[in-house]
Structure formats: C-alpha cells, structure tokens
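Visitor: Got a structure for you, questions after.
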Amino acid sequence: MTADLCLLTAVDLAAAVRAREVSPVEVVEAVHHRMDRLEPRLHAFCHRADADALDAARRLERALADGADGGPLCGVPVGIKDLVAVAGMPMPGGSPAYRDFVPDEDDIAVERLRAAGAIVLGKTAVTEFGYSGASHSPVAETVRNPWSLALTSGGSSAGSGAAVAAGMGPVAIAADGGGSIRIPASFCGLFGMKASMGRVPMYPSCRDERYPGIASWEGLEHVGPVSRTVVDSALVLSVIAGPDDRDRHSIPAGDVDWRAAAEPGDLRGLRVAYSADLGRVAVDPEVARVVEQAVAAFAELGCEVEAADPDLPDAGAAFAALIALESDLTGMRELVGRHGTEMSPHLVDLVTREWRAEDFTDAQTTRKAVVNAMWRFMRGYDLLLTPTLTTPPFPVHMQGPEKVGGRYVRDSAWLAFTYPFNLTGQPAATVPAGFTDDGLPVGLQIVGGHLADGLVLRAAAAFEAARPWAQHRPPLDDDA
C-alpha cells in the first residue's frame, strides 16, 4: 500500500483522502518512507519538514472527520522550490549568503496551496539564486537525476524535478526565469508548465527588495508546477493562478478554466508550426529524432503542421544582461564581498562585471525585438512546437557555465529553446516526448500565443492521450 500511494496522481490522491479512503497521515508517512530510501542518493530536498508535514496531515485528518471538504488539493504532498518562501522553513536559496535565512511569510503560491489542502513536504534544492540550469549549489549536495544518478536533473528547480520523478510527491512547485520549470521537467521525464507572465503572482519571492539575490528576475520569473500528468499540473494551476495586489505583474483571472482545459480535446484544424532548431541552434541528433517523432502525433490528431522558424535574434547576451539588470547589483556585490570565495564563480562574475548602461539598454531593445518577432509569427499559428532542450541530461560533473577567454559565460546555448519565452511572457510547457537509445527522457516544448494558456494545456493533454508517458518511471525501485 505504501508504494501504491506514492504512485497515485494528485487528482486521485486528493479524491481518495477527501473520501476518507486513505488517511492523509498514511500518505505523508508513505512519502517519508520513500524519501528515507531515495534521498541519500538523489538529494532532491535541501530541507525536509517531516514534523510539520505530519502535523498538517493530522490537522487535516481531524478536519475531515468533522465534515470539512479538505480542498481541491486535499492531502496532496508538495515540495516547494527553495527560492519560493515558506514561513518558518530555512531558505538558503542555494547560497552561503543565506545559510541562516528563515522567511516569516509564505509566498502567495504557498498560501494558496495550504488553503487548498496541500501538505508541504519541505524545500527542494536549487542552484545558487537560480542562476544556472544545472543541478549543483555551494551549500548542498548535487541533485541527481532519477533516470541515471550520474546525470544532472536540470535546474534551477533541480530538486523539484528529481522529487516528482522519483515519486516523492506527485507534484512540486518550481520557478522559471529562463527555463527552470521546463529544464528539470524535460530532463526528468515530466510535464511542466510556465503559464503566461502574471498568471501566478509572486511575493515575497523575486519581489522583496530586502533580500538581494533572492529578489531577482522580477520581469522574467514564472512560478508553476511539475508533475507526472497534465491534469495534476492543471489542478495546481487552478489553485495558485489569479491576481494579487502584491505582484504588480499579476493579471485578472477568469479566462482560463484550468482543469477543463486539461481534458483531451479536439485539435483538428489547429495551425501548428514546428521549429526543429529555430533556424540556428545545434541540436543533439537523438533529441531531434525523438522530437520529430513526437511532432508527428499532432498531424495524426488533425493539426495542420508545417516546418517554420520564428525570425528570432540571438538573445543570449541580452538575456544575461537582463538577468544582471534585474538583480540588486549593489546588494549582491556586498554579498560577494562577504561570501564570494564560497559562491558560484559564474554568479560572482555576472554581478561583479563592469556593466555599461548600453549593455542594459541594448538588452531591452533585443527583448523588444524578440517579443515583436513572436507576436508576428504567432499570428500565423496557434501553437509552436520545438525541442525543450538541445541535449539529453548530461553528467553532473559538467557544472554548467564554462570559462571562455578567462570569463565565465552563461549557459544559454543549450537553453536556446526556453529562455526566449521568458522574454516574451508567453505560455510554454514541456511534455515527455520519448527516450534516447540510452533510455533518457526528451522533452517536447509546446508554446502558445499571448495568454493562450488554455490552448497549451489542451494540446498537451491531447498529446498525452495519444502518446501516454506516465507509465514510464525511473529504474529506482529495483535497488531502493
């Protein structure tokens, strides 16, 4: 029974707990047992809140006994990325500069999850302040990919992807400033969605000026779920989406029925563009093969699919400059002054570099060019399909950015398909497309037009029904 509980979807688990077919305490204990077995190898969590989770489960159990409904996420255990605040839980954010930091308030998404009956398992490991797409940080063990422990789980939401893929909770919260929902989801064989900018409000994460490093990425970051199924992510989005006056980017709710959108629907007649390489990106041959086969499913579903590349400028340098622009350089340079020898070298380089005003204004101009190129392109199509990443999961010893000419450069080349849609704010999801010959997951990215979140979910659900993936699980239990 313990193993079975860890295999249930969030939708089924919430229904079973609400109907009192299973106790929320049993659920949490089952996940804790699995964490006890797997965490010594995976390192997905940087903080386990075992006692808090059991207390929350017991409170929920009493409330259900008294006739309470329990909420849409009744008893569902959830991991929270360690750049998303949870009151009373340590939040180092992957950095030695915040080793002892404990926030005193929940992020908006966490408030909403708790109110909906979810049970917080703890904080999932991240790269330092989210400034890398790999899975290591200076303050925690490197997160391992459940499909192969020698490989990275991706980042910066490294632990969220690894936890869900390993069955340590059916869903987890991630955050995506340049791909950090979609990267670990793709590398770990999961569904992950970055909803449109402003759909899911954020505070204090990214917004509280008192915390340099943590308060970064304001105009790029999106909070969202990773899960094994489309409907599970839709369930979470139905809870955490909606406006809040603490986030100036938040937009009104009401035009997306998240759960209805995640039911497989008719895609016939949709105009779908497939860009294998954005016209300029080098893609691993196995990734290209798997994604091309996945794209064929959309033609089988009645879509009008054609090869087409949006005319996007190469925005890698602009993206790095925008990250610096949206960082508190004064505050972060003070952190470097105190902790720099312990911090990630590529991060130190980014924040201490002698940036010019023109670097930032040129980056803003490039961002406008990307936005304008995409709305023009999407006027001809309902959806854009691409590989999620250029590469399958790579070895953990490849620590992300490399030195070129004596300077650390941002690892933007292999993220060429993800970060443009942080610049535009469009909805973008990754779905498991298949596997390499070595059995490693490959993701297919589905991008919608401005605010077309419902269509992205509907397309993902239709693809999931046509090419099911949830039955594929990492080979962990054979020796766990």
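Visitor: Just the residues that are over 14 Å from Ile181 (Cα atoms), in a loop (DSSP other than H, G, I, E, B) and either touching a Ser or Thr at 6+ places or on another chain (Cβ under 7 Å) or aliphatic (A, V, I, L, M) (or both), please, taken from the stretch 131-157.
Guide: Answer for the stretch 131-157, where residues must be over 14 Å from Ile181 (Cα atoms), in a loop (DSSP other than H, G, I, E, B) and either touching a Ser or Thr at 6+ places or on another chain (Cβ under 7 Å) or aliphatic (A, V, I, L, M) (or both): His136, Pro138, Val139, Thr142, Val143.
Visitor: Another one. Taking the residues in the stretch 103-148 that are in contact with a His (Cβ under 7 Å, 6 or more places away or on another chain) and among the charged types (D, E, K, R) as candidates, determine which candidate is farthest from Arg18 (Cα to Cα).
Guide: So the residue we want is Glu141.
Visitor: Still on this structure, please answer the following. I want to confirm something. Restricting to the stretch 428-446 and keeping residues that are out of contact with any Ser or Thr (no Cβ under 7 Å at 6 or more places or on another chain) and β-branched (Val, Ile, Thr), which single residue is farthest from Pro264 (Cα to Cα)?
Guide: Among those that are out of contact with any Ser or Thr (no Cβ under 7 Å at 6 or more places or on another chain) and β-branched (Val, Ile, Thr), it is Thr436.
Visitor: Enumerate the pairs (first residue in the stretch 180-196 and part of a strand (DSSP E or B); second residue anywhere and acidic (Asp, Glu)) with beta-carbon separation below 6 Å, excluding pairs fewer than 6 apart on the same chain, so at least 6 apart or on different chains.
Guide: Note: pairs meeting the criteria are Lys194/Asp176.
Visitor: Oh, and also: Being within 14 Å of Ser233 (Cα to Cα) and either over 19 Å from the mean Cα position of the chain (by Cα) or of a type in the set (Lys, Arg) (or both) is the filter here; which residues of the stretch 428-477 pass it?
Guide: Arg458
Visitor: Moving on to the next point. Against the definition (at pLDDT below 95 and either out of contact with any strand residue (DSSP E or B) (no Cβ under 7 Å at 6 or more places or on another chain) or surrounded by 24 or more Cβ atoms within 10 Å (Cβ to Cβ) (or both)), how does Asp244 come out, yes or no?
Guide: no
Visitor: Could you tell me which of the residues Ser205, Ser153, Ser186, Ser157 is within 10 Å of the chain's Cα centre (by Cα), within 28 Å of Ala97 (Cβ to Cβ) and of a type in the set (Ser, Thr, Tyr)? Don't jump to the end; show me each part of the working.
Guide: Numbers: Ser205 fails: within 10 Å of the chain's Cα centre (by Cα); Ser153 fails: within 10 Å of the chain's Cα centre (by Cα); Ser186 fails: within 28 Å of Ala97 (Cβ to Cβ).
One residue alone meets the criteria, Ser157.
Visitor: Anything in the stretch 57-106 that is touching a residue at least 40 places away in the same chain (Cβ under 8 Å), over 19 Å from Leu237 (Cα atoms) and touching a helix residue (DSSP H, G or I) at 6+ places or on another chain (Cβ under 6 Å)? List them, or say none.
Guide: Ala57, Leu60, Pro92, Gly93, Gly94, Ser95, Pro96, Ala97, listed by residue number.
Visitor: Which one of Gly254, Gly302, Gly269 is within 20 Å of Pro468 (Cα to Cα) and either at pLDDT below 95 or out of contact with any Ser or Thr (no Cβ under 7 Å at 6 or more places or on another chain) (or both)?
Guide: Gly302
Visitor: Now for a separate question. Within the stretch 27-58, can you find the residues that are more than 22 Å from Gly161 (Cβ to Cβ), of a type outside the set (A, V, I, L, M) and surrounded by 16 or more Cβ atoms within 10 Å (Cβ to Cβ)? Talk me through it step by step, then tell me what you get.
Guide: From the stretch 27-58, those more than 22 Å from Gly161 (Cβ to Cβ) are 29, 51-52, 54-58; that's our starting set.
Keeping just the survivors that are of a type outside the set (A, V, I, L, M) gives 29, 52, 55, 58.
Matches in the stretch 27-58: Glu29, Asp52.
Visitor: Still on this structure, please answer the following. Given the criterion buried (at least 21 other Cβ atoms within 10 Å of the Cβ) and part of a helix (DSSP H, G or I), identify the matching residue among Ala373, Ala363.
Guide: Ala363
Visitor: So, in the stretch 111-130, exactly how many residues are surrounded by 24 or more Cβ atoms within 10 Å (Cβ to Cβ) and outside any strand (DSSP E or B)?
Guide: 9
Visitor: Which residues, taken from the stretch 120-134, are touching a strand residue (DSSP E or B) at 6+ places or on another chain (Cβ under 7 Å) and farther than 17 Å from Pro90 by Cα?
Guide: Passing the criteria: only Ala134.
Visitor: Please specify each residue of the stretch 328-341 satisfying the condition of being modelled with pLDDT of 95 or more and surrounded by 15 or more Cβ atoms within 10 Å (Cβ to Cβ).
Guide: Looking only at the stretch 328-341, we keep the residues that are modelled with pLDDT of 95 or more, and these are 328-339, 341.
If the condition is that a residue be modelled with pLDDT of 95 or more and surrounded by 15 or more Cβ atoms within 10 Å (Cβ to Cβ), then Asp328, Leu329, Gly331, Met332, Arg333, Leu335, Val336, His339 are the ones that fit.
Visitor: Do we find a residue being in contact (Cβ under 8 Å) with a residue 40 or more places away in the chain, in a loop (DSSP other than H, G, I, E, B) and touching a strand residue (DSSP E or B) at 6+ places or on another chain (Cβ under 7 Å) anywhere in the stretch 256-270?
Guide: There is at least one residue in the stretch 256-270 that is in contact (Cβ under 8 Å) with a residue 40 or more places away in the chain, in a loop (DSSP other than H, G, I, E, B) and touching a strand residue (DSSP E or B) at 6+ places or on another chain (Cβ under 7 Å).
Visitor: Give me the helices (runs of 4 or more DSSP H) completely within the stretch 302-355, filtered to those with at least 3 residues that are without any contact (Cβ under 8 Å) to a residue 24 or more places away in the chain and within 26 Å of His136 (Cα to Cα), ordered by residue number.
Guide: Result: 329-339.
Visitor: Anything in the stretch 131-149 that is at pLDDT 95 or above and either crowded, with 24+ Cβ neighbours inside 10 Å or among the small types (Gly, Ala, Ser) (or both)? List them, or say none.
Guide: Of everything in the stretch 131-149, those that are at pLDDT 95 or above and either crowded, with 24+ Cβ neighbours inside 10 Å or among the small types (Gly, Ala, Ser) (or both) turn out to be Val143, Asn145, Pro146, Trp147, Ser148.
Visitor: Can you tell which of Val28, Val22, Val17 is among the β-branched types (Val, Ile, Thr) and within 26 Å of the chain's Cα centre (by Cα)?
Guide: Val28
The values are calculated or read from the model by the stated rules, or taken from the named source; none is laboratory data. Owing to the predicted nature of the structure, the values given are computational and were not obtained by experimental measurement. Counting neighbours? That spans all protein chains shown, and the Cβs are built from the backbone with ideal geometry, glycine included.
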